[in-house]
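Below: the structure, in structure tokens.
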Amino acid sequence: MDPGADPGPASAGRGVGPRRFLLFLVRRPGLLTSVLVLVLVVLAAFWPGLFTSQDPLHGVPAENFRSPGGGHWFGTDELGRDVFSRVVHGAQLSLKATLIAVGFAFVVGGLIGLVAGFVGRWVEDVLMRFVDVLLSIPSLFLSLALVTALGYGTVKVAVAVGIASVAGFARVTRAEVLRVRQAVFVEASRSCGARWYSVLGRHVLPNAAGPVIVLATLEFGAAILAVSSLSFLGYGAPPPAPEWGTLISDGRNYLANAWWLTALPGLAIAATGLATNRIARALDGEWSRGR
């Protein structure tokens, strides 16, 4: 081959992927902002010292009810504690509960849907009737009933929210497994004598995982709201733990003279939920259409 020849379209297309991805983000400032918000929340949850060095549990009574300003970005509460540091450290508790809830629902609901869709017959009927029972109960009411039975605490709240979210994962996983199971390449693999576990691991699972991952991203935002709602009602970590829902509950008694005690933690919850929903929408086919 002539070394000076034109490399051709195959070589020219190399390296376009990162550039195309950056253009995809730049053309969608809302998505870029959502990714940035989620990155900041994750950093605050795992490394709160990057954002504040103040103790979220230590207060200065002489500085109570200070409005947001340079010394205290989110103001102070009734005990003189810095609200910004409490929101930052509260991200760890709220994100921990959310990850446990989504992970529990993803694993349990995914297994139920996988078994129901792949095995079929009476196994599918039994499992899906159980899922229908879960779907017939509003998720927040189901979470409230479960956490009342389990008791107080961040982990118990997370498990209750996770159980209430199992049905959605089971339905989506079953639908995707049924779709992939009838594909031509799966039938060809079976006709070649492939074992069932080989078909399941090499063909069904990889091709059915996409929509379930998108659902997990959507459920992340919904789980934050559910965990915060139960914490608001007093089922989360006991005081003075700065869970986001607890911060809003503590500040509602001072709305007349200290609006920031509820508004700013609520803004953190809303921003995180909206960011995860925007990212889920981008994952749900928007990237494929944008290419």
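Structure summary
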item	result
Residue check, THR262 buried (at least 17 other Cβ atoms within 10 Å of the Cβ), of a type in the set (Ser, Thr, Tyr), in a helix (DSSP H, G or I) and free of Cβ contacts under 8 Å to residues at least 60 places away in the same chain	yes
Wholly within the range 60-157, helices (runs of 4 or more DSSP H) carrying at least 3 residues that are touching a residue at least 12 places away in the same chain (Cβ under 8 Å) and crowded, with 22+ Cβ neighbours inside 10 Å	83-119
Some residue of the range 249-258 being in contact (Cβ under 8 Å) with a residue 60 or more places away in the chain and closer than 24 Å to LEU146 by Cβ	no
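Quick note: the coordinates plus some simple rules give every number you see, no bench work behind them. The shown structure was predicted, so the numbers you read here are calculated from the model rather than taken from an experiment. Please note: Cβ atoms are built from the backbone with ideal geometry, for glycine as well, and neighbour counts cover all protein chains shown.
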